[in-house]
Amino acid sequence: MDANKIREYIKEKGYPDYRFNQIIEAVFSGKISSFAEITSIPKNVREELDKKFSFFSFKNLGVFNSKNDKAFKFLFELYDKHRIETMVFEKGEGEWVVCVSSQVGCPVGCVFCASGKKGLKRNLDWEEIVDQVLFAKNHILKKKLGDVKRIVYMGIGEPLFNYDNLIKSIEAINRYIKIGKRHISVSTFGYIPRIRDFAKDMPQVNLALSLHSAVQERRDELVPFSSKYPLSKLKDALSDYLNITKRKIFIEYVMIRGVNDREKDVYKILNFIDSISKRKYFTVNLIPYNPTSKEFESSSYERIKEFCNLLISEGVNSTVRKSYGSDIKGACGQLAGY
């Protein structure tokens, strides 16, 4: 929902300014899904809005419900028939997290991830990003399951490649949907040209680095695009990020059996962290590999716990990420938009 277009329309029609506030408050409350439901404005204005604007910038093609009712996946069709997927999952009692997509497809091409298999089609407009959150909020509120409390840009696409729309969408989510910036996280494979910009523009938003290996050659195999932005230069950008924001960096690390889960891989991560700053400024989130092909297997639970405990014993905070929605192909690495 583009609030600016609504504002322009209200001004053009000569309606009082407070009508805009009434409309925006109702729309972004997440409690309605059409302009006809805004009972605080006259019927003729509602009818005009329904004719002039689409409530959402996409068509909902389906809602997929995880068996434990802790996750939902939405399949959306955009105006040009491209498709994206969005996840929402319950992180705490009644507190839901929306995992949004920022692009149609992904150019990074991580070999363990379904999102990049069809390549990049186009960037999402900021309105298309915000509408994912609004739709998810509407769904959760209607089911009386709680409310959306956090946003993660960890769906389809590389957010920093779509920088302008990323920034505009965060500002809109913060302003209109009232999600605090400290409750928003953006994941990147390590797009160096924008990391410093992001630190200056969004110092309160969490940054997550998709590392997956601290060995350059192995990382190039797992994340092909990363060869253009080597770890030796990435560490400098992350060091600048910390100096600007004074905020912790989250490292995302998919655990793949026999590929990046050895004890020596822990020490490679530690060496990488030490080359940037003090260990207290990092949290390593270990993500069990979610099946997308027969080429890889997830590390065993025991191996992941050992990996995690070794990091902790070395003074780096580490957690094992719980998978949500794997039964509906909505877990980390499984979103594709098919």
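The values are calculated or read from the model by the stated rules, or taken from the named source; none is laboratory data. Computed from a prediction, not measured in an experiment: that's the story for all the values here. Note that we place each Cβ from the backbone using ideal geometry, even for glycine, and neighbour counts take in every protein chain shown. In case anyone asks, the SASA skips ligands and DNA or RNA and just uses the protein heavy atoms, side chains included. Shrake-Rupley method; radii C 1.70, N 1.55, O 1.52, S 1.80 Å.
A few notes on this one:
- The phi torsions of region 118-128, fed into the Karplus equation with coefficients 6.51, -1.76 and 1.60 and a -60° offset, translate into couplings of 9, x, 8, 9, 5, 6, 7, 5, 4, 5, 5 Hz, rounded to whole numbers, with Gly and Pro shown as x.
- Asn68-Lys178 pseudo-label distance in nm [points 7 Å out on the Cα-to-Cβ vector]: 3.0
- Solvent-accessible area of region 22-108 (1.4 angstrom probe, protein heavy atoms only): carbon and sulfur portion equals 47 percent.
- Between Tyr301, Asn290, Ile84, the Cα set farthest toward the positive side of the dipole of the chain (charges on each charged residue's Cβ, about the Cα centre) is that of Tyr301.
- Solvent exposure ordering (accessible area, 1.4 Å, most first) of His82, His212: His82, His212
- Taking amide H as placed 1.01 Å from N in the peptide plane, Ile251 has its amide H under 5 Å from the amide H of Leu209, Thr283, Val284, Asn285, each at least 5 places away in sequence or on another chain.
- Residue-span extension gain [Asp50 to Lys246] - 0.36 nm each, minus C-alpha spacing: 66.0 nm
- Extension reserve of the Gln204-Lys143 stretch, reckoned as 0.36 nm per residue once the Cα distance is removed: 18.8 nm
- Net charge over other residues, Cβ less than 14 angstrom from the Cβ of Glu12 (K, R count +1; D, E count -1): +3
- Taking only protein heavy atoms and a 1.4 Å probe, the accessible area of region 133-248 is 45% carbon and sulfur.
- Heavy-atom surface of the chain, accessible at 1.4 Å and reported per residue (Å²): 45
- Measuring with a 1.4 angstrom probe and ignoring ligands and nucleic acids, Arg83 comes out at about 90 Å² accessible.
- Taking Lys and Arg as +1 and Asp and Glu as -1, the other residues whose beta-carbon sits under 14 Å from that of Tyr176 total +3.
- Where GluC sites (Glu not before Pro) in DSSP loops with at most 15 other Cβ within 10 Å are excluded, longest remaining stretch of the chain: 94-294
- Accessible surface, 1.4 Å probe, highest first, among residues Thr319, Thr86: Thr319, Thr86
- Label point at Lys228 placed 7 Å out along Cα→Cβ; residues across region 108-139 whose backbone nitrogen lies under 17 Å: 108-111, 116-124
- Its Cα gyration tensor gives the chain an equivalent ellipsoid; the semi-axes, largest first and in whole Å, are 38, 21, 18.
- Partner lysines for Lys278 [C-alpha distance under 17 Å; skip if fewer than 8 residues away on the same chain]: Lys235, Lys246, Lys248, Lys268
- Dipole in debye (nearest 20) - the chain, about Cα centre, beta carbon charges: Lys, Arg +1; Asp, Glu -1: 360
- Nearest 10 degrees, 0 to 90: helix 263-274 Cα axis against the chain principal axis: 60
- Split the accessible area of region 259-338 by element, probe 1.4 Å, and carbon with sulfur accounts for 50%.
- Here is the short version for the chain: Cys99, Cys106, Cys308, Cys332 have no other Cys C-beta closer than 4.7 Å.
- Fraction of beta bridges assigned by DSSP in the chain that are antiparallel (%, nearest 5): 45
- Positive minus negative residues near Ala36 (Lys, Arg vs Asp, Glu; Cβ under 10 Å): -1
- Taken over region 112-221, lysine pairs spaced eight or more positions apart, or on distinct chains, with alpha carbons under 13 Å apart number 5.
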